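Computed from the coordinates by the stated procedures, all read-outs in this text should not be read as laboratory data. What you see is a predicted model; the values in this text were computed from it and never measured. Cβ placement follows ideal geometry from the backbone for every residue including glycine, while neighbour counts extend to all protein chains displayed.
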Amino acid sequence: MARLLLLALACALLPAISRACDTALVLAMDVSNSVDEAEYRLQIDGLADALTDPVVIEAVIVGRVALAVLQWSDAGQQVVVMDWTQPHDRAALSGFANRVRTTPRAFVMGGTAPAEALHAALLLMKRAPDCHRRVIDVSGDGTPNDGGDVGIARRRAEAMNVTINGLAIESLGQAITGFYKRHIATRDGFVLTARGHRDFPRAIRLKLRRELVRVMGETQAQ
């Protein structure tokens, strides 16, 4: 009887253990030459504000989500500006968001190398907390003009069971969304569009909601 009780207790604990960390999320931000200082500020403030969205707050805390932020530019320019953190309450997540908001720009006047950005994010993912899902959220406003084959990085992500989602920042009539859909996002991923950098805050908030909340009505996501 005692053995059966122990087995029942272990089975009851398994779901809780499996939910110890729902998602490990790398936020990979483009800071290449095409992003000026005002646009950088729109991105960094937009991300910080999105992390204070009530739906995002609940998803992060309840899901014990692990977050990391990476800035990227050309083939030799990728840096982790916020290492893995699992905010355990609202105060901790607010502190993380404030640190994001005051993060200085890592690179200036660099090219655009999304393949190397993805490889750097995958390297970071190798030392992520043990989470049920692993997601790279990559945002950018240009197609590659430096670096290697994005397809290789995407296939590597799929082999590692890592989802890549894209946030395409459209500007000057460029078809950034199409490029992100064809070459960046994995088969289980998605791409959202920001209509210029001024639309980035709305788009990143919606994107985080979609990434972190499994089941959500369309009206909740607006």
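Numerical summary
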read-out	value
Folded to 0 to 90 degrees: helix 37-50 orientation relative to the chain principal axis, Cα	20
Karplus (6.51, -1.76, 1.60) ³J(HN,Hα), θ = phi - 60°, over the range 27-33, in Hz, Gly and Pro reported as x	9, 9, 9, 6, 10, 6, 4
LYS207, LYS181 arranged by Cβ crowding within 10 Å, fewest neighbours leading	LYS181, LYS207
Most fluctuating residue given options ILE61, ILE169, ILE204, as computed from a GNM of the chain linking Cα atoms under 10 Å	ILE61
Cβ-based exposure ranking for ILE57, ILE152, in which fewest neighbours within 10 Å come first	ILE152, ILE57
Estimated FRET transfer efficiency when R0 is 35 angstrom, pair ARG105-ASP188 (beta carbons, to 0.05)	0.65
Of the trypsin sites (Lys or Arg not before Pro) in the range 85-145, those whose Cβ has at most 10 other Cβ within 10 Å and which sit in DSSP loop	LYS126, ARG127
Whole-Hz couplings from phi, Karplus 6.51/-1.76/1.60, listed for the range 146-156; x for Gly and Pro	7, x, x, 7, 5, x, 5, 5, 5, 5, 5
Helix axis angle, 2-18 relative to the chain longest principal axis, alpha carbon, degrees	10
For the range 133-198, radius of gyration divided by Kirkwood radius, i.e. Rg to Rh on alpha-carbons	0.97
Amide H partners (placed H, <5 Å) of LEU70, local residues excluded	LEU27, ALA28, MET29, VAL81
Linear extension gain, LYS181 paired with ARG202, 0.36 nm per residue minus alpha-carbon span	5.6 nm
Relative packing of 110-117, 155-162, which averages over residues the other C-beta atoms within 10 Å, highest first	110-117, 155-162
Given (1) 18.1, 71; (2) 18.6, 61; (3) 16.2, 45, the label whose value is Rg and Dmax of the Cα atoms in Å derived from this model	(1)
Additional length obtainable on full extension of the chain from ALA159 to GLU37, 0.36 nm per residue less Cα span	40.3 nm
CD proxy at 222 nm, helix term only [per DSSP H run n ≥ 4: -39500 (n - 2.57); per residue of the chain; nearest 500]	-12500 deg cm²/dmol
The chain: angle of helix 114-125 to the longest principal axis, Cα-based, in degrees nearest 10	20
Charge tally in the Cβ shell below 11 Å around ASP146, where Lys, Arg are +1 and Asp, Glu are -1, ASP146 excluded	-2
